[in-house]
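Worksheet for the structure shown next.
The values are calculated or read from the model by the stated rules, or taken from the named source; none is laboratory data. The model shown is predicted, which means the values in this text are computed figures rather than measured ones. Here Cβ is always computed from backbone atoms with ideal geometry, including for glycine, and neighbour counts include all displayed protein chains.
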Amino acid sequence: MKDFAGRVAVITGAAGGLGRAFADAAAALDMKLVLADRDADALEATTDALLARGAEVLAMVCDVRECSHVEELADAAMIRFHGVHLLFNNDGDRADGPLWEIAETDWNRVLGVNLWGAIHGVRIFTPLMLDCARRDLDYRGHIVNTASLAGEGVVKVAREAVLALSETLRHDLQQVGARVGASVLCPHDAPAGLADAEVARLTFEAIRNGAFHVHPRQE
(Lines give C-alpha, C1' and ligand atoms only; values in the text may rest on other atoms or scores of the structure.)
Protein backbone atom coordinates (compact mmCIF):
# COMPACT_ATOMS: atom_id res chain seq x y z
CA MET A 1 0.00 0.00 0.00
CA LYS A 2 1.59 3.22 -1.16
CA ASP A 3 -1.23 5.71 -1.71
CA PHE A 4 -2.95 7.02 1.40
CA ALA A 5 -4.79 10.23 0.44
CA GLY A 6 -8.54 9.77 0.54
CA ARG A 7 -8.23 6.25 1.95
CA VAL A 8 -9.75 5.12 5.26
CA ALA A 9 -7.74 4.24 8.37
CA VAL A 10 -9.27 2.48 11.38
CA ILE A 11 -7.25 2.88 14.58
CA THR A 12 -7.99 1.28 17.95
CA GLY A 13 -6.47 2.74 21.09
CA ALA A 14 -6.55 6.02 19.16
CA ALA A 15 -6.97 8.50 22.01
CA GLY A 16 -3.34 8.62 23.13
CA GLY A 17 0.19 7.32 22.75
CA LEU A 18 0.92 5.43 19.55
CA GLY A 19 -2.73 5.42 18.53
CA ARG A 20 -2.85 9.22 18.59
CA ALA A 21 0.44 9.32 16.68
CA PHE A 22 -1.01 7.00 14.00
CA ALA A 23 -4.07 9.25 13.77
CA ASP A 24 -1.93 12.38 13.41
CA ALA A 25 0.22 10.73 10.73
CA ALA A 26 -2.82 9.46 8.83
CA ALA A 27 -4.47 12.89 8.97
CA ALA A 28 -1.28 14.49 7.61
CA LEU A 29 -1.54 12.05 4.69
CA ASP A 30 -5.13 13.22 4.07
CA MET A 31 -6.68 9.94 5.16
CA LYS A 32 -10.20 9.60 6.53
CA LEU A 33 -10.13 8.42 10.13
CA VAL A 34 -12.15 5.94 12.15
CA LEU A 35 -10.97 6.27 15.74
CA ALA A 36 -11.80 3.87 18.58
CA ASP A 37 -10.86 3.91 22.25
CA ARG A 38 -12.17 2.78 25.64
CA ASP A 39 -11.63 6.26 27.15
CA ALA A 40 -14.53 8.43 26.00
CA ASP A 41 -13.12 11.73 27.29
CA ALA A 42 -9.67 11.23 25.77
CA LEU A 43 -11.24 10.11 22.50
CA GLU A 44 -13.38 13.23 22.37
CA ALA A 45 -10.33 15.45 22.94
CA THR A 46 -8.35 13.68 20.21
CA THR A 47 -11.28 13.88 17.80
CA ASP A 48 -11.79 17.60 18.44
CA ALA A 49 -8.09 18.30 17.81
CA LEU A 50 -8.13 16.40 14.51
CA LEU A 51 -11.38 17.99 13.37
CA ALA A 52 -9.84 21.40 14.07
CA ARG A 53 -7.06 20.47 11.64
CA GLY A 54 -9.65 19.70 8.96
CA ALA A 55 -9.54 15.91 9.20
CA GLU A 56 -12.63 13.83 8.44
CA VAL A 57 -13.22 11.73 11.55
CA LEU A 58 -15.62 9.10 12.82
CA ALA A 59 -15.05 8.33 16.51
CA MET A 60 -16.56 5.51 18.55
CA VAL A 61 -16.09 4.35 22.12
CA CYS A 62 -15.08 0.73 21.67
CA ASP A 63 -13.92 -2.02 24.01
CA VAL A 64 -11.95 -4.31 21.71
CA ARG A 65 -12.38 -7.18 24.18
CA GLU A 66 -16.00 -7.34 22.99
CA CYS A 67 -16.53 -8.83 19.54
CA SER A 68 -19.84 -6.97 19.21
CA HIS A 69 -18.09 -3.63 19.75
CA VAL A 70 -15.59 -4.35 16.97
CA GLU A 71 -18.42 -5.46 14.68
CA GLU A 72 -20.22 -2.17 15.37
CA LEU A 73 -17.00 -0.29 14.61
CA ALA A 74 -16.64 -2.05 11.25
CA ASP A 75 -20.30 -1.46 10.39
CA ALA A 76 -20.02 2.23 11.23
CA ALA A 77 -16.87 2.60 9.13
CA MET A 78 -18.55 1.03 6.11
CA ILE A 79 -21.71 3.10 6.50
CA ARG A 80 -19.77 6.35 6.80
CA PHE A 81 -16.89 5.78 4.38
CA HIS A 82 -17.91 2.70 2.31
CA GLY A 83 -14.56 1.00 2.74
CA VAL A 84 -11.53 0.39 4.95
CA HIS A 85 -7.95 0.43 3.65
CA LEU A 86 -5.75 0.51 6.72
CA LEU A 87 -6.36 -1.13 10.10
CA PHE A 88 -4.28 -0.55 13.21
CA ASN A 89 -5.06 -3.17 15.87
CA ASN A 90 -3.29 -1.01 18.41
CA ASP A 91 -5.20 -0.92 21.68
CA GLY A 92 -3.16 -2.22 24.62
CA ASP A 93 -3.16 -2.68 28.38
CA ARG A 94 -0.73 -4.05 30.94
CA ALA A 95 -0.34 -5.73 34.32
CA ASP A 96 2.99 -5.91 36.11
CA GLY A 97 4.45 -8.48 38.47
CA PRO A 98 5.46 -12.15 38.54
CA LEU A 99 3.05 -14.40 36.67
CA TRP A 100 1.87 -16.17 39.82
CA GLU A 101 0.97 -12.86 41.44
CA ILE A 102 -1.17 -11.56 38.57
CA ALA A 103 -4.87 -11.89 39.36
CA GLU A 104 -7.20 -13.73 37.00
CA THR A 105 -9.07 -10.49 36.35
CA ASP A 106 -5.82 -8.86 35.18
CA TRP A 107 -4.98 -11.84 32.95
CA ASN A 108 -8.42 -11.55 31.38
CA ARG A 109 -8.13 -7.78 30.95
CA VAL A 110 -4.67 -7.75 29.36
CA LEU A 111 -5.19 -10.79 27.13
CA GLY A 112 -8.63 -9.44 26.25
CA VAL A 113 -7.29 -6.10 25.05
CA ASN A 114 -3.85 -7.01 23.70
CA LEU A 115 -4.60 -10.39 22.14
CA TRP A 116 -8.34 -10.77 21.69
CA GLY A 117 -8.59 -7.18 20.49
CA ALA A 118 -6.22 -8.06 17.65
CA ILE A 119 -8.02 -11.36 16.99
CA HIS A 120 -11.39 -9.61 16.76
CA GLY A 121 -9.90 -6.99 14.45
CA VAL A 122 -8.42 -9.63 12.15
CA ARG A 123 -11.56 -11.78 12.11
CA ILE A 124 -13.95 -8.92 11.45
CA PHE A 125 -12.00 -6.52 9.25
CA THR A 126 -10.04 -8.92 7.01
CA PRO A 127 -13.12 -10.33 5.21
CA LEU A 128 -14.44 -6.79 4.87
CA MET A 129 -11.16 -5.61 3.32
CA LEU A 130 -10.99 -8.62 1.00
CA ASP A 131 -14.51 -7.79 -0.17
CA CYS A 132 -13.42 -4.19 -0.83
CA ALA A 133 -10.61 -5.59 -2.98
CA ARG A 134 -13.03 -7.78 -4.96
CA ARG A 135 -15.16 -4.74 -5.74
CA ASP A 136 -12.25 -2.47 -6.72
CA LEU A 137 -9.27 -3.67 -8.76
CA ASP A 138 -7.27 -0.63 -7.62
CA TYR A 139 -7.82 -1.41 -3.95
CA ARG A 140 -4.84 -1.91 -1.67
CA GLY A 141 -5.11 -2.53 2.05
CA HIS A 142 -2.92 -3.23 5.05
CA ILE A 143 -3.30 -4.46 8.63
CA VAL A 144 -0.86 -3.52 11.39
CA ASN A 145 -0.97 -5.39 14.69
CA THR A 146 0.81 -3.79 17.64
CA ALA A 147 2.56 -6.53 19.63
CA SER A 148 2.06 -4.86 23.01
CA LEU A 149 4.05 -2.20 24.79
CA ALA A 150 7.17 -2.89 26.79
CA GLY A 151 6.60 -5.27 29.65
CA GLU A 152 7.10 -8.75 30.98
CA GLY A 153 4.74 -11.30 32.47
CA VAL A 154 1.26 -11.38 30.97
CA VAL A 155 2.16 -8.56 28.56
CA LYS A 156 4.96 -10.66 27.09
CA VAL A 157 2.64 -13.66 26.78
CA ALA A 158 0.18 -11.53 24.81
CA ARG A 159 2.99 -10.05 22.71
CA GLU A 160 4.26 -13.45 21.59
CA ALA A 161 0.74 -14.50 20.69
CA VAL A 162 0.17 -11.37 18.60
CA LEU A 163 3.44 -12.02 16.77
CA ALA A 164 2.25 -15.54 15.90
CA LEU A 165 -1.17 -14.20 14.91
CA SER A 166 0.43 -11.65 12.59
CA GLU A 167 2.77 -14.18 10.99
CA THR A 168 -0.16 -16.49 10.27
CA LEU A 169 -2.26 -13.63 8.92
CA ARG A 170 0.48 -12.57 6.52
CA HIS A 171 0.97 -16.16 5.34
CA ASP A 172 -2.75 -16.71 4.79
CA LEU A 173 -3.14 -13.43 2.88
CA GLN A 174 -0.24 -14.34 0.64
CA GLN A 175 -1.67 -17.82 0.06
CA VAL A 176 -4.86 -16.36 -1.42
CA GLY A 177 -3.07 -13.62 -3.37
CA ALA A 178 -4.83 -10.88 -1.41
CA ARG A 179 -4.21 -7.23 -2.13
CA VAL A 180 -4.03 -6.75 1.63
CA GLY A 181 -0.71 -6.73 3.45
CA ALA A 182 0.11 -7.31 7.10
CA SER A 183 2.75 -6.03 9.50
CA VAL A 184 3.52 -6.40 13.18
CA LEU A 185 4.81 -3.44 15.16
CA CYS A 186 7.09 -4.20 18.10
CA PRO A 187 7.29 -0.89 20.02
CA HIS A 188 9.07 -2.58 22.93
CA ASP A 189 12.16 -2.56 20.68
CA ALA A 190 12.17 1.23 20.51
CA PRO A 191 15.04 2.93 22.35
CA ALA A 192 14.26 5.24 25.25
CA GLY A 193 13.32 8.70 24.09
CA LEU A 194 12.08 7.69 20.64
CA ALA A 195 8.89 9.71 20.16
CA ASP A 196 5.57 8.10 19.27
CA ALA A 197 5.46 10.32 16.17
CA GLU A 198 8.72 8.78 14.94
CA VAL A 199 7.40 5.27 15.54
CA ALA A 200 4.32 6.19 13.52
CA ARG A 201 6.48 7.54 10.70
CA LEU A 202 8.52 4.35 10.60
CA THR A 203 5.34 2.28 10.61
CA PHE A 204 3.89 4.10 7.62
CA GLU A 205 7.24 3.68 5.87
CA ALA A 206 7.02 -0.07 6.50
CA ILE A 207 3.48 -0.14 5.10
CA ARG A 208 4.68 1.59 1.92
CA ASN A 209 7.51 -0.91 1.55
CA GLY A 210 5.40 -3.95 2.37
CA ALA A 211 7.65 -4.83 5.33
CA PHE A 212 6.36 -7.31 7.89
CA HIS A 213 8.35 -6.58 11.05
CA VAL A 214 8.43 -2.99 12.26
CA HIS A 215 11.20 -2.60 14.83
CA PRO A 216 11.51 1.13 15.66
CA ARG A 217 15.12 2.08 16.15
CA GLN A 218 16.84 5.44 16.01
CA GLU A 219 18.65 5.96 12.73
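Okay, residues lined up against (1) in contact (Cβ under 8 Å) with a residue 24 or more places away in the chain; (2) β-branched (Val, Ile, Thr); (3) within 20 Å of residue 95 (Cβ to Cβ):
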{"site": "146", "(1), (2), (3)": "yes, yes, yes"}
{"site": "157", "(1), (2), (3)": "yes, yes, yes"}
{"site": "170", "(1), (2), (3)": "yes, no, no"}
{"site": "177", "(1), (2), (3)": "no, no, no"}
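Give the residues of region 18-42 that are over 20 Å from residue 78 (Cβ atoms), in contact (Cβ under 8 Å) with a residue 24 or more places away in the chain, over 12 Å from the mean Cα position of the chain (by Cα) and not in a loop (DSSP other than H, G, I, E, B), sorted by residue number.
Selection gives 24, 25, 27, 42.
Report yes if some residue within region 180-196 is buried (at least 17 other Cβ atoms within 10 Å of the Cβ), farther than 19 Å from residue 13 by Cα, in contact with a Ser or Thr (Cβ under 9 Å, 6 or more places away or on another chain) and at pLDDT 95 or above; otherwise report no.
yes
Considering 118, 158, which residue is surrounded by 22 or more Cβ atoms within 10 Å (Cβ to Cβ), over 30 Å from residue 6 (Cβ atoms) and in contact with a Leu (Cβ under 8 Å, 6 or more places away or on another chain)? Lay out the reasoning, then the answer.
Working: 118 fails: over 30 Å from residue 6 (Cβ atoms).
Within the list 118, 158, the selection yields 158.
Restricting the search to region 13-38, which residues are among the charged types (D, E, K, R), touching a helix residue (DSSP H, G or I) at 6+ places or on another chain (Cβ under 6 Å) and farther than 18 Å from residue 65 by Cα? Can you show your working first?
First, pick out the residues of region 13-38 that are among the charged types (D, E, K, R): 20, 24, 30, 32, 37-38.
Now narrow it down to the ones that are touching a helix residue (DSSP H, G or I) at 6+ places or on another chain (Cβ under 6 Å): 20, 32, 37.
Hits for region 13-38 are 20, 32.
Please state which one of 50, 18, 87 is more than 29 Å from residue 178 (Cα to Cα) and aliphatic (A, V, I, L, M).
On the way: 18 fails: more than 29 Å from residue 178 (Cα to Cα); 87 fails: more than 29 Å from residue 178 (Cα to Cα).
Exactly one residue qualifies, and that residue is 50.
Any residue at all in region 41-54 that's closer than 18 Å to residue 88 by Cα, among the acidic types (Asp, Glu) and surrounded by fewer than 21 Cβ atoms within 10 Å (Cβ to Cβ)?
No, region 41-54 contains no residue that is closer than 18 Å to residue 88 by Cα, among the acidic types (Asp, Glu) and surrounded by fewer than 21 Cβ atoms within 10 Å (Cβ to Cβ).
Just for region 80-109: of the residues that are at pLDDT 95 or above, aliphatic (A, V, I, L, M) and within 22 Å of residue 15 (Cα to Cα), which one is surrounded by the fewest Cβ atoms within 10 Å (Cβ to Cβ)?
Result: 84.
For residue 110, state whether it is among the β-branched types (Val, Ile, Thr) and within 20 Å of residue 163 (Cβ to Cβ).
Details: among the β-branched types (Val, Ile, Thr): yes; within 20 Å of residue 163 (Cβ to Cβ): yes.
Yes.
Go through (1) under 21 Å from residue 125 (Cα atoms); (2) in contact (Cβ under 8 Å) with a residue 12 or more places away in the chain for residue 79 and report which single condition fails.
Condition not satisfied by residue 79: (2).
Looking at region 60-107 only, could you name the residues that are in a strand (DSSP E or B), of a type in the set (A, V, I, L, M) and out of contact with any Leu (no Cβ under 6 Å at 6 or more places or on another chain)? Walk me through it before giving the result.
Filtering region 60-107 down to residues in a strand (DSSP E or B) leaves 60-61, 86-89.
Pick out the ones that are also of a type in the set (A, V, I, L, M) and you get 60-61, 86-87.
61, 86, 87, listed by residue number.
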